[in-house]
Amino acid sequence: MSAGTSFGDEPGRLRSLLELDVLDSPAELEFDRVVRAAALICGVPISLISLIDRDRQWFKANIGLAGVTETPREFAFCARTIAERGILEVADASLDTRFATNPLVTDEPNIRFYAGATLRLSDGAHVGTLCVIDRVPRVLDNTQRELLELLAEGVVSALEHRQALRSYADSNSAFRAMVDSAPDAMVSVDTNQRVVQFNRAAEKMFACAATDAIGKPLETFIPARFRAAHASHLRAFGQSAGAPRAMHSPGRLLGLRTDGSEFPIEASISQTRVRGKQVFTSVLRDVTERAMLEAEVAARSHELHRKNVELSEADQQLRTAQQISKVGSWEFDPATGVVLWSEQLFRIVNVDEQAGVPQFPAQERLYMPESWQRLSEAVRCALETGAPYELELELVARDGERRWAVARGEVRAGAAGAVVGLAGTLQDVTELKRARLDLERLSRRLQVATAGAGVGIWDWDLEQNSISVCFRHACVTRSIAGGRLWARPSAPGSWQLPDE
């Protein structure tokens, strides 16, 4: 195997090296001290921390090779060392067939002695060496070898600790960037309830810069009347299991801006440990707009409820009025064919409400044929011309008794004047119709009776100042003119009413 030959899982080894994020980094005192200690222990002028990259060996620390930061990998003694376990020691490179022709031996820096301890990471990757070099042949004793290996282990620990710190710093930076970009305010406090973190959303929410907020008591941002309760709540939460939870109060939580103004917030709280210290973090959201919206919704809901109650009462009053007056109402939408009936209308036409409203053509069975024909024509004319109608109709008899109703209808016109609906009423006038028919029958009987008996009947209405006379199959009513009731007879037995 030549000095530049790879071994094992080279891609994995290179990946581990790159993850250290150390190549081409500036000198660091911690590593410089290690190479100086190694040179002193071994009594040599040159000591290096060498990291083996893909095509080069790069020196993280260097004592004795001023101005040299790297050499080609193919010439690196350390490239062979990382293939070994423990220490690779070469007493005189000029006599060693593996290195005798190496330019680093035949030319500057004229290496003769070399001893390198492998830098083996915790994942097993061999990433480089801690080596000592001399320009004259030599051999290490056992103590020097042991100390060199211990120093190499210290270099590995330092590299991995450095990696962890940088990873933490990156993570912390990413976390801070995430916190600062969060839309909700995030405020962290320590066990003394002093602010240790205050993101940008919190700055905007409380009108306070983070530099002014850090170190201040949390109560600075809580109205005075809530401070004691909040402090007690936080202490109790710190003694609990610490699962994140929402913060509640009998009313709405309030925040306090630096200008003294209060505003409603909702909050959740969690706790964690940072570097062994307990930290509480609250995520806060300004719900001013939501509170205003909720108040508006509540007001509208109350108004809607009030109107619903009024509507319900009005509807009940309408139902009662329709029931007392025996009037049912209906609506018809020509576009959809939908017909709506009131409860009273179902009663008037003797249709079960559970069965629903029959379509208009199916309503023919509810009326006598002549009445249905007149109603159909009136509806057709209303829809075509917009003319209203009022008809007295005879309904289909119920239990052998004739029934009558007065149908009224009016169109509803849209913005362009087109008919968009038809609405109306149906009033049960059966009792009125029967009374009128009875009155007509009695009148005819009275006329027949008076004519046959040669008797006339008169009726004087003092309020209307008129008189009605029935005599010999004739009934007339006249206003009283000039205070005269009767004119003189033109012939015996021929009395006449005065002309108006």
Out of ALA314, ALA418, GLN163, whose Cα points farthest toward the positive end of the dipole of the chain (charges: +1 Lys, Arg; -1 Asp, Glu; placed on Cβ)? ALA314
Between the alpha carbon centres of region 68-143 and region 368-440 the gap in Å comes to 117
With runs of 4+ DSSP H residues as the only contributors, calculate the mean residue ellipticity of the chain at 222 nm using -39,500 (n - 2.57) per run, divided by the residue total and rounded to the nearest 500. -12000 deg cm²/dmol
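Can you sort HIS302, HIS126, HIS230 by how many other beta carbons sit within 10 Å, fewest first? Kindly include the intermediate steps, with their values, before the conclusion.
Values: HIS302 10, HIS126 21, HIS230 18.
Taking fewest neighbouring Cβ atoms as first place, the list is HIS302, HIS230, HIS126.
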May I ask you to derive the relative contact order of the chain, considering only C-alpha pairs under 8 Å and at least 6 residues apart, and to give it as an integer percent? 7
Dipole of the chain (Lys/Arg Cβ +1, Asp/Glu Cβ -1, origin at the Cα centre): which of SER282, LEU446, LEU150 lies farthest to the positive side? LEU446
Taking +1 at the Cβ of each Lys and Arg and -1 at the Cβ of each Asp and Glu, which of VAL179, PHE221, ILE63 sits farthest along the dipole of the chain towards its positive end, judged by Cα position relative to the Cα centre? PHE221
In straight Cα distance, which aspartates and glutamates are under 17 Å from LYS204, not counting same-chain residues fewer than 8 positions off? ASP180, ASP184, ASP212, ASP259, GLU262, GLU266, ASP286, GLU289
Proxy reagent accessibility, fewest Cβ within 10 Å first, across CYS208, CYS42: CYS208, CYS42
In sequence order, what are the phi-derived ³J(HN,Hα) couplings for region 70-80 according to the Karplus relation 6.51 cos²θ - 1.76 cosθ + 1.60 with θ = phi - 60°, rounded to whole Hz, with x for glycine and proline? 6, 9, x, 4, 5, 9, 7, 4, 5, 4, 7
Of every Cα-Cα pair in the chain, the percent that sits beyond 32 Å: 73
Taking the alpha-carbon centroid of each part, what is the distance from region 285-332 to region 10-41 in angstrom? 80
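Charges at C-beta only: +1 for Lys and Arg, -1 for Asp and Glu. How large is the resulting dipole of the chain about its Cα centre, in Debye rounded to 20?
Details: 58 positive and 67 negative charges, 267 e Å.
Dipole size: approximately 1280 debye.
Computed from the coordinates by the stated procedures, all read-outs in this text should not be read as laboratory data. If you're wondering where the values come from, they're calculated on a predicted model, not measured in any experiment. With ideal geometry, Cβ positions are generated from the backbone for all residues, glycine too; neighbour counts draw on all protein chains shown.
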